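Down below is the structure, laid out as structure tokens.
The values are calculated or read from the model by the stated rules, or taken from the named source; none is laboratory data. Since the model is a prediction, treat every value here as computed from it, not as a measurement. In case anyone asks, the SASA skips ligands and DNA or RNA and just uses the protein heavy atoms, side chains included. Shrake-Rupley method; radii C 1.70, N 1.55, O 1.52, S 1.80 Å.
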Amino acid sequence: MITTNTLDNIELLPEHIIDQIKAGQVLERPASLIKELIENSIDAKADEISIQIIDNGMELISIEDNGKGMSFKNLPYAFLRHATSKIKKYEDLFHLHSYGFRGEALASIAASSRVTCQTQPRNLNEDGGKLIINGGVEELLIPMKNSTHGTSLFIKNLFYNTPARLKFIKSKTSERINLKKMLTSFLLSHPEIQFSIKWDDKEKEVYKKTDQNNFEDRFKQIVFGKKK
């Protein structure tokens, strides 16, 4: 016979643990993080995206773009789960013309790394801002203005507070291959965007923008390489 005192109590998980669990579902490895961030830059209408990767993304992934940026008012909402500018009502789900729309990527990144975000909207007279989040905890939020519009994201120490996720990270060679595959897919599908990519302390690779459908020139850039 089972008595009630032999049963474990069922309790609600704390929000920070929920966020860390969900983070692992959205961000399996550095390549999936790169995918989410580049899609955000493309959705923001950026035509220049600069990427830096250190230790295959485990130490640092930075994405800087010249997209439309965010206002200081909107900046903290971008890192809340299920906060999005893409949908207002259920019917909008059937008329999407963007990549991410669920509002989970940035929240997941912030829950499992140390994030610094600086942003400036296209209206340079409007305040942008700087936000620092460590493991889902906001540490700094200040208004600021920059002379150019766009958003810069610096993600450090991925999965530092969720060590269980590290067992899913494969060898350095495997992770780099996955990252390169992801980056190459964006290079080929968006020749109208200039990408610059820097790996560790190596020389930066620059892929100049071409006509929107000029895949041949972009393919040549990838094959023969571009350095700056």
- request: Just the number, please: carbon plus sulfur as a percent of the accessible area of the stretch 166-228, 1.4 Å probe, no ligands or DNA/RNA counted.
  value: 54 percent
query: Hey, which of these cross-link pairs are over 30 Å Cα-Cα: LYS73/LYS202; LYS35/LYS220; LYS35/LYS68; LYS181/LYS208; LYS145/LYS172?
result: LYS73/LYS202; LYS145/LYS172
field: Cα centroid separation - the stretch 142-170 against the stretch 177-217, whole Å
entry: 21 Å
Solvent exposure, largest accessible area first (probe 1.4 Å, DNA, RNA and ligands not counted), of ILE132, ILE109: ILE132, ILE109
message: Sequence gap at least 6, Cα distance under 8 Å: using those rules, report the relative contact order of the stretch 34-76 to the nearest whole percent.
response: 37 percent
query: Roughly how many Å² is the accessible area per residue of the stretch 159-204, as a whole number, for a 1.4 Å probe?
result: 56 Å²
